[in-house]
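A quick write-up on the structure given underneath.
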Amino acid sequence: MIRFSRLPIRIQLISLAILLTLPAVGIIVYSGLKERAQNYHTAEIESQKLADNLAAEQEGLVHEAKQLCRILAELPDIKNRNVSKIQPILSSVLSGNKQYLKIILADANGTVWGASSPFTSGESVSDRRYFKNARATLQYSSGEYALGKTSKKPTLHMAYPILGKHSEFQGNVIVGFDLDVLRSVLERSQLPKNANYIIADHKGIIICRGRSLGRDVGEPIQPADLKKMEDGPERNTYEFVRSDGERRIVTYRKLRLDGEQTPYAYVRAGISIREAVAAANRKLFFNMAMLMPFAVVAFLLAVFIGKRSIVDRVAQLQAASKQIIEGDLLTRVAPLVEGGELGELGQAFDDMAQTLDDKINKLMQAQQDLRIKASKLEEEVADRRLAQESLAIKQGQLEALNMTLEERVGNAVEELRQKDQALIQQNRLASMGEMIGNIAHQWRHPLHNIGMIVQLFPAEFGDLSEAKLEQRVDQIMDIIMQMSQTIDDFTNFFHKDKEKTLFTAHNAVFKAIGFNRPSLENKDINISVEGDQDVNIFGYSNEYQQVLLNIISNAKDALVQKNVKEPLISIRIERINEHSVVTISDNGGGIDESILTKIFDPYFTTKGPSLGTGIGLYMSKMIIEQNMGGHLEARNVADGAEFRIEV
């Protein structure tokens with residue numbers, strides 16, 4: 001657009017005149033192309049109708065021949081091979097059906113024993129396609145293009161099997177079509193002026209055609225054309241380029257008999273594209289010719305109006321502008337270009353010259369004022385220099401303050417670290433109550449067993465031997481050692497890790513499950529663990545177990561709160577890209593999407609103040625991501641929530 005505006009006005013006007021004619025040209029071309037497309041589509045439909053009509057005619061003739069052969073095959077004289085009686089019958093049938101060239105009777109070996117016209121004794125048709133197919137399928141079968149042995153006329157044979165009492169093959173009734181008569185029958189379809197057709201056998205040999213253009217009867221069509229019809233659907237329409245270079249719309253139809261896998265013939269009808277769209281092309285040319293005079297008149301008007309109304313007046317404005325540039329501010333141009341927008345532009349030029357003269361006078365006055373202000377500015381510069389010196393002193397003080405800033409930031413960071421450790425300890429203490437309950441549950445059964453053993457002492461006192469006493473003491477000591485091991489596990493869990501160590505995710509998972517197992521069993525919650533047992537983690541083992549304990553405990557609470565039938569917690573351990581990945585999922589229905597992004601916030605809980613502190617998941621995320629450099633995230637899965645720990 002910028003380049004166009006830089007062109008001379010005359011060229012711009014001519015371009016606009018041309019642009020104004022483009023919509024009309026576009027409409028004419030569009031309507032012409034649309035009508036051309038409609039004519040093309042009509043030609044496609046016509047070619048399809050023509051192919052269907054020709055196929056119907058051909059199928060009708062083939063069906064009539066089948067009926068005739070069926071009647072002849074059932075005649076007793078033919079089944080009994082009574083040559084003297086059957087010869088007149090065949091001659092009579094042939095004389096009444098001019099579409100047939102010959103009717104032949106052959107035995108099971110293909111030897112001709114009867115015909116509608118004289119034949120050579122011992123003549124055989126056993127090598128012909130129609131005889132072989134009829135003998136193999138016991139059905140009406142087709143042949144292919146051939147020349148009659150005696151008539152030397154082109155023909156196409158069909159054969160109908162003669163069957164015995166037990167449906168055994170005894171021979172064929174064979175009819176040969178007179179293809180010249182076939183052409184006259186098909187011409188009843190009244191071909192359009194620009195249409196033509198061919199009928200080819202299964203080998204592509206032309207057995208019949210409409211107008212004598214291109215290859216004659218008996219010659220093969222192009223192999224590529226035959227291949228297209230063989231591989232294509234039963235009917236198809238496409239563009240075809242004839243041997244003389246003419247483009248045509250053609251439709252082919254496959255003709256086949258019942259029981260035969262391949263077509264015995266192809267009907268192809270075509271219509272000239274050039275003649276089909278000729279009317280639309282003529283109309284488009286006529287409309288374009290009608291538009292040209294209007295386009296020429298618009299072009300000449302643009303040139304004339306542009307010169308008189310714009311170009312000449314702009315030249316006067318240019319001359320006046322040059323005088324103003326040279327310093328003649330008294331030049332006035334408005335009287336020379338009166339009227340219209342250019343007249344307003346001329347008046348604007350005059351106003352500009354007057355304004356410019358006034359501003360020059362004001363500029364001279366301003367220069368005088370500027371000299372006065374310059375002297376004042378020098379005084380202000382001196383004052384500002386003093387202010388800068390004062391600012392330098394204050395900046396030195398600020399730098400001294402910044403030197404102590406790092407120390408204060410370090411103190412604040414240490415204070416935050418201590419608070420984080422306090423939160424971790426608080427979370428451990430929050431878990432301690434539940435774990436003490438688990439220990440009490442684990443101890444209940446061993447204490448019961450010790451009580452049972454002690455109760456046996458009075459009953460066994462009379463015959464209590466030293467060996468039996470030692471056995472009872474050993475039983476009690478085993479139970480006490482199991483209870484002591486529970487205390488040791490509890491103590492080790494709450495012992496703070498001082499250094500990072502290498503431990504397996506599998507052991508950490510099973511220790512965390514062990515702490516929770518009594519409460520899980522009490523709530524009938526099943527827990528499953530699967531995956532690799534040799535996935536190593538380098539970090540703080542007890543803190544990692546604390547994270548697992550928090551997540552498993554939350555899953556247990558969710559399953560109990562929602563009263564899930566067959567509650568299940570699933571844990572999977574695997575290694576992905578050199579990282580350990582532990583996923584913990586449940587079937588508790590998942591986490592509300594509105595709070596899913598908040599569950600790792602400090603003091604956020606859905607259990608109420610009496611049941612939760614809201615720091616368990618917050619501290620779990622701090623342990624995994626800050627202390628161990630990993631990643632902890634949560635999401636909803638099919639029937640519950642899933643937590644993923646990657647370290």
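The values are calculated or read from the model by the stated rules, or taken from the named source; none is laboratory data. In this text the structure is predicted, and so the values were computed from the model without any measurement. Every residue, glycine as well, gets a Cβ built from its backbone with ideal geometry; the counts of neighbours run over all protein chains shown. In case anyone asks, the SASA skips ligands and DNA or RNA and just uses the protein heavy atoms, side chains included. Shrake-Rupley method; radii C 1.70, N 1.55, O 1.52, S 1.80 Å.
Please report the carbon-and-sulfur percent of the accessible area for the range 551-629; probe 1.4 Å, protein heavy atoms only, DNA, RNA and ligands left out.
Here carbon and sulfur together make up 49 percent of the probe-accessible area.
Sites listed here are trypsin sites (Lys or Arg not before Pro) in the range 499-545 whose DSSP assignment is loop and whose Cβ has at most 16 other Cβ atoms within 10 Å: Lys500, Lys523. Separation of the range 31-89 and the range 513-567, taken as the distance between their Cα centroids, equals 82 angstrom.
Computed over the Cα atoms of the range 6-120, what is the convex hull's projected area averaged over all directions, in nm²?
15.2
Take 375-384, 573-582, 552-561 and order them by the average number of nearby Cβ atoms within 10 Å per residue, most first; the result is 552-561, 573-582, 375-384. The shape of the range 196-248 comes out oblate: with a ≥ b ≥ c from the C-alpha gyration tensor, a/c is at least 1.5 while a/b does not beat b/c. Pairs with C-alpha atoms separated by more than 23 Å, drawn from the list Lys102/Lys165; Lys228/Lys254; Lys500/Lys556; Lys79/Lys254; Lys66/Lys165; Lys79/Lys102, are Lys102/Lys165; Lys500/Lys556; Lys79/Lys254.
Once the convex hull of all Cα atoms in the range 524-629 is built, its volume per residue stands at 125 Å³.
Here the dipole of the range 28-144 is about 300 debye; that uses its Cα centre as origin and unit charges on the Cβ of Lys and Arg (positive) and Asp and Glu (negative). Apolar share of the accessible surface for the range 51-116: 52 percent from carbon plus sulfur atoms, 1.4 Å probe. Along the axis of the charge dipole computed for the range 524-569 (Cβ charges of +1 for Lys and Arg, -1 for Asp and Glu, origin at the Cα centre), the listed residues Ile525, Val560, Ile537 are led at the positive end by Val560. FRET efficiency for the pair Leu345 and Met290, taken as 1/(1 + (r/R0)^6) with r the Cβ-Cβ distance and R0 = 41 Å, rounds to 0.55.
Leaving out ligands, DNA and RNA, what percent of the accessible area of the range 170-290 is carbon and sulfur, probe 1.4 Å?
Carbon-and-sulfur percentage of accessible area, whole number: 52.
Relative contact order for the range 73-221 using alpha-carbon pairs under 8 Å, separation at least 6, rounded to a whole percent?
Values: 275 pairs, mean separation 28.5, N = 149.
Once divided by the residue count of the range 73-221, the mean separation gives 19 percent.
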